Amino acid sequence: MSKSRRTYKYRLWPNRKQREVLFSTLEVCRQLYNDALKERREAWKLCRTCVSFSMQSAQLPACKAADPALGKVYSQVLQDVLHRVDKTYQAFFRRGRGFPRFKGQGWFDSFTYPQAGFRVNGGRLSLSKIGNVKIKLHRSLQGEVKTLTLKNENGKWYACFSSILDSEPLPENNDAIGIDVGLESFAVTSDAEIVDNPRWFRAAQKELRRKQRHVSRCTKRSSGWKRACRIVAKLHRHVFHQRNDFQHKLSRELVNNYGIIAVEDLNIQGLAGGTLAKSVHDAAWSGFIRKLSYKAESAGRWLVKVNARGTSQQCPCGRAVPKKLWDRKHHCSACGFKTIRDHASALEILRRGLRLRTETPALAGVALEAPSFSYGA
């Protein structure tokens, strides 16, 4: 049976003293991150020497002896901070861009217990060097817990447990569906079901504009400015939670009801840089497809990504039906098929997905990448 990694997120309710310890731990981790980054930069700048994680980790005992603040933080938490610095360098060399930067005040919002130092006892989370913090276990924690990350989101603390657990395949289902995502409607399926676009950000934009004007009127870094910034961040977080909840429910419904799900392999990053950037970001197609992908993998379903080129310019019968962007109706002169543009696209996505599904051998639950060629009739 295959394994999958899942994160369980719970709300923490620390008391005043525990909040002070949590924030002081964040500050110590931030300073250690900046010091480790500074050492690496200066070692290369002055001596052309690369500093590795093992070299910096070996210095921790001496650093803790020199700085009492480091001794108040669990040792593996400090090691994880050095791992983060090492990962940022590895990512920079892999991508060739995004050189690691120093973390300013408020730009370091989490720390991790990578192996030990934590334990759940009923409604309490026991944390080394911090104490027993009240936790709201709204659902059971399953699987083998690997790491615990404590995260501060706009003054609220959360515990994120990363667990390894067995996949739970759903009963076999041979029903297939094609999904065409868009801006007018969030999605149109090959079954002619239209999912309305909630436009969560657009709905909150008026209130956000008013709150952001208040931020601009405040003196920067003042207490009023910080309070206004927290209010704006709270509104953005609310929009994020609304969008997340909507996509989780829709993706779960699709995975439960269909065994084969075909979607377009869109260049979302390119679309998000054009004139429709705000609407594309508000729809968040990449997040929706990512949720579909891991849910399908866990349930033993097929998620097939097909070539997006020309899906709206071709009839499911295989005949080309050219359309302008403002043409919202589909009418094929060859077969006489009439429908809306997005429904025809969803049918064509399904046709390509089924064809790719039969031509490409793979394991169930693995998202299939479409080859970069155009499909014929």
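The values are calculated or read from the model by the stated rules, or taken from the named source; none is laboratory data. This is a predicted model, so every value here is computed, not measured. Heads up, the Cβs are rebuilt from the backbone with ideal geometry, glycines too, and the neighbour counts pull from every protein chain shown. The area values use the complete protein model at the heavy-atom level, side chains included, leaving out ligands, DNA and RNA. Shrake-Rupley method; radii C 1.70, N 1.55, O 1.52, S 1.80 Å.
Quick notes on this structure:
- With Cα atoms, 0 to 90° folded angle of helix 285-299 axis to the chain main axis: 90 degrees
- Projected onto their three principal axes, the Cα atoms of segment 1-143 cover extents of 53, 44, 26 Å, largest first.
- For the peptides 92-100, 73-81, 258-266, the ranking by mean Cβ contacts within 10 Å, running from highest to lowest, is 258-266, 73-81, 92-100.
- Taking 0.36 nm per residue of sequence separation and removing the Cα-Cα distance, the ARG252/TYR158 pair yields an extension gain of 31.4 nm.
- When only Cα pairs below 8 angstrom with a gap of at least 6 residues are kept, the chain shows a relative contact order of 16 percent.
- Here the sum of -39500 (n - 2.57) over DSSP H runs of 4 or more residues, divided by the residues of the chain, equals -14500 deg cm²/dmol at 222 nm, to the nearest 500.
- In this simple spin-label approximation, LYS278 and THR49 carry label points 7 Å from Cα along the Cα→Cβ vector, and these lie 5.3 nm apart.
- For segment 123-189, accessible area per residue (1.4 Å probe, heavy atoms of protein chains only), Å²: 47 Å²
- Coupling constants for segment 344-351 follow from the phi torsions by the Karplus curve (6.51 cos²θ - 1.76 cosθ + 1.60, θ = phi - 60°), and in residue order they are 5, 5, 5, 5, 5, 4, 5, 4 Hz; glycine and proline get x.
- Degrees, to the nearest 10: 16-47 long Cα axis against longest axis of the chain: 90 degrees
- Seen from a random direction on average, the alpha-carbon convex hull of the chain projects onto 24.0 square nanometres.
- For the pair THR147 and ASP196 in one chain, pulling the backbone fully straight at 0.36 nm per residue adds 13.8 nm over the alpha carbon distance.
- Each residue was assigned an accessible area with a 1.4 Å probe, and for PHE240 the value is about 90 Å².
- Counted by Cβ distance under 12 Å from SER167, the other residues give a net charge of +2, where Lys and Arg count +1 and Asp and Glu count -1.
- Think of segment 68-188 as having a plus end and a minus end, set by charges on the Cβ of Lys, Arg, Asp and Glu; of THR149, GLY123, GLY71, GLY71 sits farthest toward the positive end of this dipole.
- Segment 104-257: C-alpha gyration tensor shape, a/c 1.5 cut-off, then a/b vs b/c: oblate
- Using the Cβ-Cβ distance between ALA91 and LEU266 with R0 = 25 Å, the FRET efficiency computed as 1/(1 + (r/R0)^6) comes to roughly 0.55.
- Spin-label model, LYS136/ARG16: points 7 Å from Cα along the beta carbon direction are separated by 2.2 nm.
- Only Cα pairs under 8 Å and 6+ residues apart enter the sum, and on that basis the relative contact order of segment 175-297 stands at 32 percent.
- With every protein chain in place, the chain: carbon and sulfur % of accessible area (1.4 Å): 52 percent
- Calculated P(r) tail over 18 Å for segment 163-235, as whole % of Cα pairs: 66 percent
- Neighbours of ARG252, meaning other residues whose beta-carbon lies under 9 angstrom from its beta-carbon, give a summed charge of +2 when Lys and Arg score +1 and Asp and Glu score -1.
- Theoretical FRET efficiency, 1/(1+(r/R0)^6), r = Cβ-Cβ of ASP67 and ARG217, R0 41 Å, to 0.05: 0.50
- Checking the Cα-Cα distances for LYS134/LYS156; LYS156/LYS234; LYS17/LYS134; LYS38/LYS156 against a 22 Å cut-off, the pairs over it are LYS38/LYS156.
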